[in-house]
Structure formats: C-alpha cells, structure tokens
Amino acid sequence: MLFPLTPLPDTPPRVVITGAGIVTALGLGWKLNAAGFRVGRRAFRPVELFDVSRQRAKIAAQVDLPKTLPPSHLSQRQLGRLDRAGKMLVLAAQEAWQQAGWEAADNLPLVLGTTAGGMTLGEAYYRQALRQPARQRQQATRAIYYQPPVQARLVFDALGFSGPITIISNACASGGNALGHAWDLIRTGQAERVVAGGYDALGEMVFSGFDSLQALSPTVCRPFDAARDGLALGEGAAVVNLETLESARRRGAEILGELIGYGTSIDGHHLTQPHPQGSTTLSVMKQACATAGVTPGEIDYLNAHGTGTALNDSSEALAISEWAGQRAATLPVSSTKASIGHLLGGAGAVEAVVCLMALREQWLPPEIEFETPDPACKFPIVHQPQDARVNVVLSNSFGFGGVNATLIFRRWA
Amino acid sequence: MSKIFVAGIGAVSPAGWNVAALRQALDKGEPLPTQPLMRPGWEKPLSARLVPNPAVRPEFLAHPRLRRASPITHYTASAALEAIASLRANPAAKNFRLGIVVCLQSGCVQYSCRFYDETLKNPATASPLVFPETVYAAPTSHVAALLENVVLAYSIVGDPSAFLQGVALGAQWLEEQRVEACLVIGAEETNWITADALHHLDRSAIIAAGAGALCLCRDEKFSTGVELSAITDAHTFSARLDRPQAAQAMRGQLGKIFPGELLCDGQGNSPRTDAAERAAWKDWTGPRLSPKRILGEGLMAAAAWQCVVACDVMAEKKFASASVSLVGSNQQAIGARFVRADFDISHLSAAVPTGNIRP
C-alpha cells in the first residue's frame, strides 16, 4: 500500500548504485562517455533533426542513434513506436540493468525525470492535425506514445520488470529530482531497489523556445566564463540502479558509488530566472550536505548546473562561493554541459553518471574552451584534463520554475 | 506513524470556480452543457466542457507572476487557494512550511500549441513570453510564488491515477516532517488538440478542464474532519497485468467496504473505457458518485475532483467513509479510502442526496 506509509526505519539504509547507463552525443554507454568527458571532448554539430535555418543558434549535441536497438523483450511493433527520447531511455536502461545484474520483479519502482517525454510525437501530431486534418493515420498512436508513463512502460517491457512509475517533471531539475526521489524511497523503507533516471530528446519546439529567449549561445557554450553568451542544447538519457547496501552485498554486486545526500527546494523568484544571489541554491546545497553528513571541505569536485547563461552561472557561482567558504579557493568545479549541452530533464541523471565516472576512474571532467573566470567565481574551473583524488562529489541541477536539486555521491572503494 | 488529515479542499470545474459549484452540479445530477470547440480543417466542432469565466475576476490574478499565465495556472491557483484558505486564516498555521505536488497529464497545452504554431510559422518571431509557460512545471512555480511559504514542490506527470501518487507523496513529506502542510493539486486545461486526441482514443468522452486540490496536514486540529485512511499500491499495466486485472487488484486491495460507504468512481459515459472499472466494482451495491458523468473527462483534474467530492461529502457529514477508484488510461490503477476522523456510525447514509449519487 502507498498509504499507510511503511514505518520509517530507525536508521535509514545506505543507498548504493550498482548499474549505470548513459547515452549522450559523446556516444552510447559508459566507456565512450567516460573517454569523452575525461578529456572534455565537445560533441556539438549542426542540428539535422529539424530546420534551424531561421534560428539564431544552429548547433546542438545531437545523439547518433543506432539503426537497430540491442535485443530486448520489445516487439517489432513496440520498437517502431519508440521516438528518439524513448530509444535513448531504453538504451540507457538496458546498459544499467545489465551492469546491475538484477533479476526481474513485479514491484520495482521506476522513477524518471523528463521535461518533454515524447514531445517529438506531439509535434508530429500537431503538424498532421493542422496540415492534413482528414488524415488520421498514426494520430492515436502518437497521442498515446508521447506520454512519459507509456515510455516508462516500454522500459518495463524491454527489461521484463514492472512496478510503480513516477514521472517527475520539475523542468531541468527533473533528472536530479528523480534520483533524489529514488533515494528517498529507499531511505524511508518504501523500496529496497529502484530504477531511476532522466531523459529528453532534441525537439523543434524546445530548441525554438530557448532560441526565442536568446538563451542559446551563437558561439561556444562556456559555463562560468566571463565571456559566456548562452547555453547549448543536447539530448540524452541516463539510468541508474539504486539499492540498499545490504541488498548489493547480499548479491555480491559491484558497487559503482554511493548516493549519500539529496536536497531540493523551490526558488519562487521568477519563472525562468534564478534568484540573483542564489539563495535557494545555497540552501539546497546545505540541505544535501546535512543529509550526507559532509561539509564543503570534504567535497572533492562539484559538477555545477552551469548552463552557460549569464544569469544562471553568476547566481550559482555566488551560491557556491558562499556555501564553500574558504574551501572555494581550491574546490574544483566544472559544468559538463560544455561537452554535451544542456539535456534538460536528462541533465541531472546524466551528470550523476558523470560524477560516478569521476569517482570510479579518479579524474575531473574539464571545460576545455574555458578562458576567463566570471568575477563571481571564487573557485577554480577545471579546464584541462586531470587525474585527481576524488572521494565525494556534489552535483547541482536547477530548473525553469525554480526547483533546485543537489545530489552528493561518495566513492566506493 | 502520523495520521494524515484533509485540511481543506478546492475545485475549479466546468461547474464553476469553487467546491460549492461542483457540489451543486453533482447534487443536480444532470450532465453540464457542452460547448463547441472548433478544430482546424473541420466544419463540425468537437464538444467540450469548459470552465466558465468567473463571475468576478479573482484577486489572485493581480499577482505579477499570474498576469501572463495560462488558464491551467489560474485553475491550479484558484483550487490551491480555496483548499488552503482555512489553514491560512488560522494564526497557529502562520509559519507552516508548505509542500505542493501538482499532477498533470496533458499540462500546458494551450501555450504549447500557440508557441509551436508560432515556431512553424517563423521561429524568429516566436514569443519568448509564451515559451516558459509551456513547461509542465509552470503552474507549480507560479502557485509556489503566489503562496510564498512553499519549501518543496514537485510536478508529477502521469495518467489520472497518478493523482493518488501525488497524495501519497504529500503524506510522505508530512510523515518525514519536511513540511507541515501539503497541497496536492490535479489540473488540466484544454483546447482543440486535447479534444482531438481524446476523440481518437474515446469517441464518447467529452473533454473538460479545471483543477481539484486537497490540502493535507498532520495535525487534526486543522482538519475538516476527514482523514486519509488508505491508498492502494500502484497497479501498473503491463504485459502480465492488463487494465481490467489492474482494476481488480486495486479493488481487491481496498478490501471490505464499510456499511454506507460512498464510492467515487471514474466512470464517464464510455462503455469501452469504463469496462475495466465497471467490472472491478460489479459487486458494489452501495451509493456511488461518478463526477465525470456530470463534468466530463477532465483527465488529472477529474481524478482530483473525485477525491475532492469524496472529502466534501464527508466534511458535510453525508457519509462516514468514501472510496475513490482511479483506473488510469495508460499507466495504472490506484484506489484510496478517506474516512471521517470521528467515524460516527449514526451519520451513515442519513443524508444521501439524490441526483448523481446512485444507490
């Protein structure tokens, strides 16, 4: 039963990650992505998915999807109904599932973050309804498959498990909130294992939206650079398998990292702009540290939300600088959006997997185009590939509407 | 384990801008009139049940954040303010930390269509004022800004059954003492494209818009006398559990029904869509209320109306308990039971109104 609630455990269980799957413009899977993030490779190219000739910005980090997906339990008909977002989601989920080595179950929660779900299907529906109203073909299918819960059910069908689905759509914080919510479910005793992630595909409407806001960089996305001029969009998905430490040990599973802290709140300042002083960002980072039982001094790397827009980066920089205090002077910070763009609902989950990579492989992801720090940055920006001793990392995600989410991970050694 | 109480309810529906209007329409028991909704390329309009213009412009629309907001935000805000009104009027609740969970299925379709239409015509002139209002999280954000003391906010997307997941999430936040009160709101707006899509999936259904809100709290002294008693598991549709089986599983989990209990179900006038839920409740002989038959297919808003109505009849002491049955369109089946906190059996069924409540 969802209610009455499972009694809170006396001591919340530790939550570890035993599977991770990732799809970005750097490639499909952990290896290709780790190789790319390790050197700060940039994955932007001219957008081919829709016409951008009349937009200010012309590039994005577009994923090369395989012509056929790896074998799964999905039928040909189901495969045919997957849009780009659904395909990336299934690919990431397959990788995570295989890595975790989980057995299928019928009560395994799936928590996903997305801003748009199958929006490209919605766009196709709209165009056909407008241009060929008498043509009904595929419209019913589009009306069903654009919905995020239906895409989530395809993950179930692909992997052979089932359970409650929760779709969180807190704009660009969605992926971070999805992992945080999964952490909550395990810590409060409502689940022993949870599959969680985030995903979003490039779409014409969203691209046009950010372009209309003049939020897209017409040059190069350079988060925290004094000369930054906007963000770049990307697409992708990441899925992680979370479970109690006890469950992982019982199975003898390989542990990729531990999720030790989560904070979330809402900034009511403006629909699209953060509070200039980053007050909610500050409180959410503090909240995450409190739940993790760590201080800023113990954070070895901070994966910033760092979109590359003037307003986000200055606000986040002020918040990080205040939160970190003296630690700021030596705290390595970078935004991996410099490599793969802003993945919107997928960002928080993908960046969580990047954090796991840094913890596992002991390096810091650089922003190689970074040149001059914004004056608000009291911390160093990682701008060259470097190995590092990384034990605890913090990842920020913020969204339109003001929801902020912070996750903290610890190395499993 | 804390008890969870309902501190207030709110509604915007085709019947009007408050719970009283909703109650009046349901008591009357006659389907509300429909309005024509034109769609491009068709001479014959579709039918819809739209929210009427308010008799008096709500004061909250003067808030700077709501000036350009879409109707779904107006509905969400109005339902939220009504649900939280008594709590806000209580000095003892002045410093309450508030959570909000806004549940949506279609979400901000009006501005999404408008913005995409502008994009197709010429992206260089698509409005930057409209785009931010297209995101699912926009109503949540505006309402959080309006209420000011919101510390936790989630926007949940799903089929209508997800409203009860939102209620469970609110209960969880209360149990963990992260908030002292939590608003759970289900909201939808409509336009020609949602009506068109629904027409593809269910020709008998009439699209509707609005919102419903429950304000949950831990402390009984702030309650309307209604307590959340149970929410079933989420019985997700899958290859191994089809929609009728999920509905049966939900029904089975709600278990034995109390004498005189009211069933608030999600049946409309669609034989095919209603079949799974109808079969699950075929043994039900007690009173039953089906708000969709009067109000239309309000998607997530309709799920919220079911819960609002269930709580309302108990607050009005017409029933001592009410079950809510939500058999979603493509995700899951979930049920819930609300009870009167005092559960005085002498009030049971003493005042079963006529109209839409069918014994």
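All of the numbers you see were taken from the coordinates with simple rules; none came from a lab. All values reported here derive from a predicted model rather than from experimental measurement. Quick reminder, even Gly has a Cβ in these numbers, built from the backbone with ideal geometry, and neighbours come from all protein chains shown.
What is the projected area of the convex hull of the Cα atoms of the protein assembly as shown, averaged over all directions, in nm²? Spelled out: convex hull of the Cα atoms, projected over all directions, averaged, 29.5 nm². Distance between the pseudo-spin-label points of B:Thr285 and B:Arg272 (7 Å out from Cα toward the beta carbon): 3.4 nm.
Backbone phi angles across region A:67-77, fed through the Karplus curve with coefficients 6.51, -1.76 and 1.60 (θ = phi - 60°), yield HN-Hα couplings of 5, 10, 7, x, x, 8, 7, 6, 7, 4, 5 Hz in residue order; Gly and Pro are listed as x. For region A:147-154, putting each phi into the Karplus relation 6.51 cos²θ - 1.76 cosθ + 1.60 with θ = phi - 60° gives couplings of 7, x, x, 5, 5, 5, 5, 5 Hz, in residue order, rounded to whole numbers and with x for Gly and Pro.
Among A:Ser212, A:Ser395, sorting on how many other beta-carbon atoms sit within 10 Å of each Cβ, with the fewest leading, yields A:Ser212, A:Ser395.
GNM on chain A, alpha-carbon springs under 10 angstrom: the most fluctuating residue among A:Gln94, A:Gln55, A:Gln136 is A:Gln136. Taking other C-beta atoms within 10 Å as the exposure proxy, A:Thr372, B:Thr224 rank A:Thr372, B:Thr224 from fewest upward. For region A:289-343, just say rounded, prolate or oblate: build the C-alpha gyration tensor, square-root its eigenvalues into a ≥ b ≥ c, call rounded for a/c under 1.5, and beyond that prolate if a/b exceeds b/c, oblate if not. Prolate, since a/c reaches 1.5 and a/b exceeds b/c.
Its relative contact order, with pairs defined as Cα atoms under 8 Å and 6+ residues apart, puts chain B at 24 percent.
In chain A, once you exclude exposed trypsin sites (Lys or Arg not before Pro) (DSSP loop, at most 13 other Cβ within 10 angstrom), what's the longest stretch remaining?
Values: sites that count: A:Arg54, A:Lys67, A:Arg135, A:Arg137, A:Arg389.
So the longest stretch without any such site is A:138-388.
The longest stretch of chain B left intact once loop-based GluC sites (Glu not before Pro) with at most 10 other Cβ atoms within 10 Å are removed from consideration, loops following DSSP, is B:149-359. Over the Cα atoms of region B:226-347, the radius of gyration divided by the Kirkwood radius equals 0.96; this is the Rg/Rh ratio. Counting, for every residue in A:169-176, the Cβ atoms of other protein chains within 10 Å of its Cβ and taking the mean gives 5. Take the convex hull of the alpha carbons in region A:261-410; its mean projected area over all directions comes to 7.5 nm². Once the gyration tensor of the Cα atoms in region A:341-413 is diagonalised, the equivalent ellipsoid follows with semi-axes of 20, 19, 12 Å, ordered largest first.
Ranked by how many other Cβ atoms sit within 10 Å of their own Cβ, fewest first, the residues A:Ser339, B:Ser325 fall in the order B:Ser325, A:Ser339. Both radii are taken from the alpha-carbon atoms of chain B; with Rh as the Kirkwood radius, Rg/Rh is 0.96. For region B:226-347, the relative contact order comes to 38 percent (Cα pairs under 8 Å, sequence separation of at least 6). Take each residue in B:138-146, count the other chain C-beta atoms within 10 Å of its C-beta, and the mean is 5. Using the charge dipole of region B:4-222 (Lys, Arg: +1 at Cβ; Asp, Glu: -1 at Cβ; taken about the Cα centre), state which of B:Gly41, B:Thr119, B:Leu61 has its Cα farthest towards the positive end. Positive-most Cα among the choices belongs to B:Leu61.
Per-residue mean of foreign Cβ neighbours for B:172-184 is 2 (Cβ atoms of other chains, 10 Å radius).
As a check on your grasp of the helix formula, calculate [θ] at 222 nm for the protein assembly as shown: sum -39500 (n - 2.57) over DSSP H runs of n ≥ 4, divide by the residue count, round to the nearest 500.
Mean residue ellipticity at 222 nm (helix-derived): -10500 deg cm²/dmol.
What percent do you get for the relative contact order of region B:106-211 when only Cα pairs under 8 Å and 6+ apart count? Here the relative contact order equals 27 percent. Answer with one residue from A:Leu282, A:Thr264, B:Ser323: the one whose Cα lies farthest towards the positive end of the charge dipole of the protein assembly as shown, charges on Cβ with Lys, Arg +1 and Asp, Glu -1. Looking along the dipole axis, the top candidate is B:Ser323.
Temperature 4 °C, viscosity 1.567 mPa s: under these conditions the Stokes-Einstein estimate for chain A, based on its Kirkwood radius over C-alpha pairs, is 62 µm² per second. Restricting region A:23-118 to GluC sites (Glu not before Pro) that sit in a DSSP loop and have at most 15 other Cβ atoms within 10 Å of their own Cβ leaves A:Glu48, A:Glu103. Compute the Cα gyration tensor for region A:15-251, then decide on rounded, prolate or oblate, letting a ≥ b ≥ c be the square roots of its eigenvalues: rounded whenever a/c is under 1.5, prolate when a/b is larger than b/c in the other cases, and oblate in all that remain. Because a/c hits 1.5 or more and a/b fails to exceed b/c, region A:15-251 counts as oblate.
Couplings 3J(HN,Hα) of region A:317-327, computed from phi: 4, 4, 5, 5, 4, 5, 4, 7, x, 5, 5 Hz, in residue order, whole Hz [Karplus 6.51 cos²θ - 1.76 cosθ + 1.60, θ = phi - 60°; x for Gly and Pro].
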